[in-house]
Amino acid sequence: MTEQKVVATVNRQLAAGSGTLLKLGIFSIALGVVPIASYFGSLHYVWEGNATYAAITGVVAANAILISYIITSVSEDQTSATTSTGTGTRSTAVISESRKER
């Protein structure tokens, strides 16, 4: 492979990974908003003023978001592991192939 092809391949792979930062941002905002909203929503509408049960609802909501983020990141990691070649990721394999051709 020529160096231009290597650079293009690496750039394509980096552009495909930009969704990771977006997912992190979405989960971070959800981790701040959802537990507080579920606390106050359940305090006034579900538990009718019982702050203990409303706090438990907020904690459960926060844990649900954390667990969903972990599951999402592990599945994304497994997806990237199946697309890798050799011992490293695709980008390192492509770069090592171009070094062999020199």
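Figures for the structure shown
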item	result
Only listed residue being surrounded by 13 or more Cβ atoms within 10 Å (Cβ to Cβ), at pLDDT below 95 and of a type in the set (A, V, I, L, M, F, W, C), chosen from 74, 34, 10	10
Residue check, residue 41 modelled with pLDDT of 80 or more and assigned to a helix (DSSP H, G or I)	yes
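The values are calculated or read from the model by the stated rules, or taken from the named source; none is laboratory data. As the structure is a computational prediction, the values presented were derived from the model and not from experiment. Virtual Cβ from ideal backbone geometry, glycine too; neighbours counted across all protein chains shown.
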